[in-house]
Amino acid sequence: MNTLDALNQAFLVYPQTLKQKPRVAYAGTRGSYGEEASLSYFKKDCQLFPFKTFEDVFIALNKGNIDYGVLPIENSSTGSIAAVYDLLSQYQYFIVGEQEIHARHCLLAPQGTSLASIEEVYSHPQGFSQSEEFLRDYPQWKCIPYYNTAIAAAYVAEQNNPKMAAIASKQAGEIYNLEILAENINFSQTNVTRFVIISRNIELFQDPGQVSIAFHLPHRPGALYEIIGIFSVFSLNLCKIESRPLLKENWEYLFFIDFTGNISQNTLTNLIPIIQEKVEYFQFLGYYPPYSENNDTAL
Ligand SMILES: O=C(O)C(=O)C[C@]1(C(=O)O)C=C[C@@H](O)C=C1
């Protein structure tokens, strides 16, 4: 089914409501930011399925074993999470919502450990980059990338070795009985990670106001300028542009755009064909309620 037909079909059942106790997949384990984002979005009324990697979440969705996936897409201080953008284009699933989480990282180690005994630190690469300034004071530490912040904390707890520490949430420290050697080590004190909720189908929950699309442009002068101009004509507000390399063509890119504005079914059915005409490839990623702190759109 083409994008417009799928979108119009979704409008027939708008607004959709979440089914009871949806099966929700996230990357991590207990105490991860992914778990926190899932529980915050689904208001604890869900069955949680933790997986090791971001791609495992897409695979579970593909198998039909779960209803929704929850994935980090962007951090306020380190920017886009490129792997998730690439997976979104690869798997062609849809964003149906978003959730923001304050990521307050801690340095965690087995009880009784001192800073001086640490030699190795485990975390997700995002945990390291968001704590870059703190880590600069300890150049002797070896930073070892791990699947996820909380999986790293669980591993350090299991090893029970005073040479090892993890960067993860305070909650992970409590769950795995680790000592908190330093708190709030993220360099930005407003460190927020934005998660997207993905589904196999387009689902339109109450008051969607943000659209995400991706496209590949012909390589000619003015191609991007012309697309950007369309948003201006429709009085739409561009919130984010990201570009990712196209694997089959060196130095060519897939552009991801998020926009908001006064968007109706009519706006989308007029806008999408105009964009499609100007691009070589178009992917509709979703029309969903933008995050707000007292957001309970899904339930
Ligand atoms: O969910 C977690 O705990 C993760 O390790 C993943 C992740 C990420 O990839 O951005 C999630 C939130 C924080 O930004 C740091 C790490």
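The values are calculated or read from the model by the stated rules, or taken from the named source; none is laboratory data. Please read all numbers here as calculations on a predicted model, not as lab measurements. Quick reminder, even Gly has a Cβ in these numbers, built from the backbone with ideal geometry, and neighbours come from all protein chains shown. For the accessible areas, the whole protein counts, side chains as well, though only heavy atoms, and no ligand, DNA or RNA atoms are used. Shrake-Rupley method; radii C 1.70, N 1.55, O 1.52, S 1.80 Å.
In the set ILE228, ILE274, which member is over 22 Å from ASN8 (Cβ atoms), more than 20 Å from the chain's Cα centre (by Cα) and open to solvent by 20 Å² or more (accessible area, probe 1.4 Å)?
ILE228
In the range 129-170, what residues are among the basic types (Lys, Arg) and more than 14 Å from the ligand (Cβ to nearest atom)?
ARG136, LYS142, LYS163
Quick check on LEU48: is it at pLDDT 95 or above, hydrophobic (A, V, I, L, M, F, W, C) and surrounded by fewer than 21 Cβ atoms within 10 Å (Cβ to Cβ)?
yes
For the subset of the range 109-123 comprising residues that are within 25 Å of SER77 (Cβ to Cβ) and open to solvent by 40 Å² or more (accessible area, probe 1.4 Å), which member is farthest from the ligand (Cβ to nearest atom)?
LEU115
Among (1) surrounded by fewer than 23 Cβ atoms within 10 Å (Cβ to Cβ); (2) under 20 Å from ASN201 (Cβ atoms), where does GLU100 come up short?
(2)
Being more than 10 Å from the ligand (Cβ to nearest atom) and either under 23 Å from ALA83 (Cα atoms) or surrounded by 21 or more Cβ atoms within 10 Å (Cβ to Cβ) (or both): is that true of GLN126 here?
no
Name the pairs whose Cβ atoms lie under 7 Å apart, with the first residue in the range 185-197 and over 30 Å from LEU18 (Cα atoms), the second open to solvent by less than 10 Å² (accessible area, probe 1.4 Å) and assigned to a loop (DSSP other than H, G, I, E, B), and 6 or more positions between them or separate chains?
ILE185/SER131; ASN186/ALA103; ASN186/SER131; PHE187/SER131
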